[in-house]
Structures are given as structure tokens and as C-alpha cells.
Amino acid sequence: MFIESFRVKVYVIEEYLEKVLGAIQSVTDLKYGNYDGVSWCSHPGIERCTPRAGSDTYDGEINHPFSIESIKVEFSIPRDKALLSKIVKQIFEHHPWDEPVISISETLDTRKNGVV
């Protein structure tokens, strides 16, 4: 009924949403019980930063504040560090930012029917 999980959150601009989700799903089916491809996507919010020297910016200019609408993508996977590493690698390779914001927490998720 309870599954030790990693909860992963990443912010991505809309035009890259399907590319990033597809890259994640190339290493995991995002299974949650009897469902595959389970993720949660928020309404666009505003992502803000000021690129500094050494940045490989997708958009914006060095030393000038930049903002753009982005979507928070959230999903859960079983607590498997090898799988988590593969997912993070896919996000790094397919996300437009050179330093995507990825937040990972250890959590408990439920599975009503015991299917992981």
C-alpha cells in the first residue's frame, strides 16, 4: 500500500515539455499502479534568472534579468538511485537550459491495489 518513492520536479518551457517528458519516458514508463505515463503539469508560471559569465543561455543575455513562462512537471518513481540517475541524465540532455531546476525528494506514495 505504501511505496518508498522519489518525487521529481522540473521546470520546463512549454515548447520543450513533450521532448523532456519523452526523454524521461525513454528510461521509465512512469508507472503508478495500473497506469503508465503518470505525471502532473502545472499552469505556466514565471521562471526568472540572471545569466552570468559561463552560462550557455538558451535565451536572455549575460548579466541581464530574464523571465519566461515555464511549467512545473512532477512525477513519482520507486526509490531506485540508478533509475533516478538515468532520469536526471535524460533531463540534462533534453532540457533547453544548461542548468535546469530539478528538485528531488524522498517520499511515500500510495498504491491502492499494491501494483508498483
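From largest accessible area down, sort 92, 6, 66; use a 1.4 Å probe on the protein chains.
Putting 92, 6, 66 in descending order of accessible area: 92, 66, 6.
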Using protein chains only and a probe of 1.4 angstrom, how many square angstrom of residue 97 are accessible, to the nearest 10? 40
Keeping the other protein chains in place, figure out the carbon and sulfur percent of the accessible area of the chain, with a 1.4 Å probe. 48
Along its three principal axes, how long is the chain when you only count alpha carbons? Whole Å, largest extent first please. 51, 28, 22
Grab the Cα-Cα distance for residue 48 and residue 1, subtract it from 0.36 nm times how many residues apart they are, and report the gain in nm with one decimal. 13.0 nm
If a/c stays under 1.5 just call it rounded; otherwise compare a/b with b/c (prolate if a/b is bigger, oblate if not). Do that for the range 68-116, with a ≥ b ≥ c from the square roots of the Cα gyration tensor eigenvalues. prolate
What residues of the range 92-106 lie in the reach of a label at residue 55, counting those whose backbone N is under 18 Å from a point 7 Å from the Cα along Cα→Cβ? 95-102
For the chain, what is the accessible area per residue in Å², given a 1.4 Å probe and the full set of protein chains? 62
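The values are calculated or read from the model by the stated rules, or taken from the named source; none is laboratory data. In this text the structure is predicted, and so the values were computed from the model without any measurement. Because the Cβ atoms are built from the backbone with ideal geometry, glycine has one as well, and the counts that use them run over all protein chains shown. Side chains included, ligands, DNA and RNA excluded: accessible areas come from the protein's heavy atoms. Shrake-Rupley method; radii C 1.70, N 1.55, O 1.52, S 1.80 Å.
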